[in-house]
Amino acid sequence: MDDKLPPPIKITPNSPDIPNPPNDDDPIFEAKINNPFSKFFSWIKDFLKKQSNITIKIPIIGIIMGLSGLGIGWGTGYNWGFNTALAKLFPNSSPVFHRAVSLEGVIQKSASAQFYLKSEDNLWILKPKSPITPAIIETSVEKQVKVLGNLTKEANAVEVSEIIPLESPQPTLTPLTSLVNSYSSTSSNPSNPPDSELKLPDLFTGLQWVSTQKKVLVFTSGKRRMDVEGFHIESSQLTSFPQDFINYYITELKNKGFKETLNSINPEGITVTYSKDDLFLTFGVKNIYQGKADKKQLAGYVAYLEHN
C-alpha cells in the first residue's frame, strides 16, 4: 500500500506558486509622496474635454516673470532679471511697475516752464513728485545733478523723488563763429536736390551779438507747440528799437518760403516765429526796464534769435 502513495510535497519558501509567509513586523520607515499638480492637471484635462474652440493667451508679463526667474540670457536672480527684462523691452518707459531709475545730467527749463534732464544720450521730461516741487527743481536749473525717481508709461518721462547735486558745469555756450556757420548751414536732407536746399537767412550784421547758448526751446508750427533743443543768441543792450533787425528777418524768411506761425506783442517785448518743414526760427526784442512799480521805466532793448 505504501508503494502506491504519491511522493511527499516539498515546500520552498520563495516558490512562485506559494506566497511568502506573512510578516507581522511593523515597517521601520514608510513614506508616500503625492504629485501636488496631479489634481490641477486632471482638472485641466476634464475642463478641456468639455470645451471647444478655446484660445489660451499668455500675458507678456507672465513671460517676463518666467524668463526673469530662470535668468535666461539676462543673468540670475529674480529681482535683477526682472528689472533687466523690463529695461530691455521698455528702455525709456515703464508701463506696468514704474521701475526706479538713477540718471545724471544737466537740468534745463523751457520757455513753457517744463523741466528737463539732458543726459549724455537722452532728454528726459522731469515730473515733480512729493516731496520734490517745481520750486526745488528750479534751484537746480543749469546744474549737474543726479536724479532719482521712477519711469512712467509716458516715454522719456521721470517722476522725480530726489535730486542730488553734482559738480556744477559751465553753461553750454557755442562760440559766435561756430554759431554763424551752423546758423547759415543747410538743413540735412540728402533726398532734396541742391536747388531746393533749405537755409536760414544769414545772421543779421547790423547788431553786436554777445551771447549764445544751447538750450531747450519752444517752437510752434501753428497747430502744436514743441520743445526741442536749439540755439539762443542775444545782442548787446540797445538804446533804440532795432526796427531794421525785425524788417530784415521778415523779408528774408518770406522770400525763402517760410510761414509765420506766431506773432506776439506785449509789455515784455515782441516775439515772431517762422517755420518751414522741420526748420524753425524765432526772433524778437526784449524790453529792458529799470525801477519798480510807478518808477519802472523802459531803459533799452535786447534783440534775440532762436533756431533749431
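The values are calculated or read from the model by the stated rules, or taken from the named source; none is laboratory data. Being a predicted model, the structure only gives us computed values, none of them experimental. All Cβ positions, even for glycine, are placed from backbone atoms using ideal geometry, and neighbour counts span all protein chains on display.
On the stretch given as region 226-250, residues that are in contact with a strand residue (DSSP E or B) (Cβ under 6 Å, 6 or more places away or on another chain) and assigned to a helix (DSSP H, G or I) total 2.
For residue 223, the conditions (1) at pLDDT below 90; (2) part of a strand (DSSP E or B); (3) surrounded by fewer than 18 Cβ atoms within 10 Å (Cβ to Cβ) all hold with the exception of (2). Output yes when any residue across region 230-247 is loosely packed, with under 14 Cβ neighbours inside 10 Å and modelled with pLDDT under 85, and no when none is. For region 230-247, residues loosely packed, with under 14 Cβ neighbours inside 10 Å and modelled with pLDDT under 85: absent.
Being among the basic types (Lys, Arg) and either within 16 Å of residue 228 (Cα to Cα) or not in a strand (DSSP E or B) (or both) is the filter here; which residues of region 251-308 pass it?
Residues satisfying the conditions are 254, 256, 276, 292, 295, 296.
Looking across region 285-298 at every residue that is out of contact with any helix residue (DSSP H, G or I) (no Cβ under 8 Å at 6 or more places or on another chain) and in contact (Cβ under 8 Å) with a residue 12 or more places away in the chain, the one that is surrounded by the fewest Cβ atoms within 10 Å (Cβ to Cβ) is identified as 288. The set of residues in region 150-164 that are of a type outside the set (Ser, Thr, Tyr), within 9 Å of the chain's Cα centre (by Cα) and within 18 Å of residue 131 (Cα to Cα) comprises 151, 157, 158. Going through (1) out of contact with any His (no Cβ under 9 Å at 6 or more places or on another chain); (2) surrounded by 17 or more Cβ atoms within 10 Å (Cβ to Cβ) one by one, residue 281 falls short only on (1).
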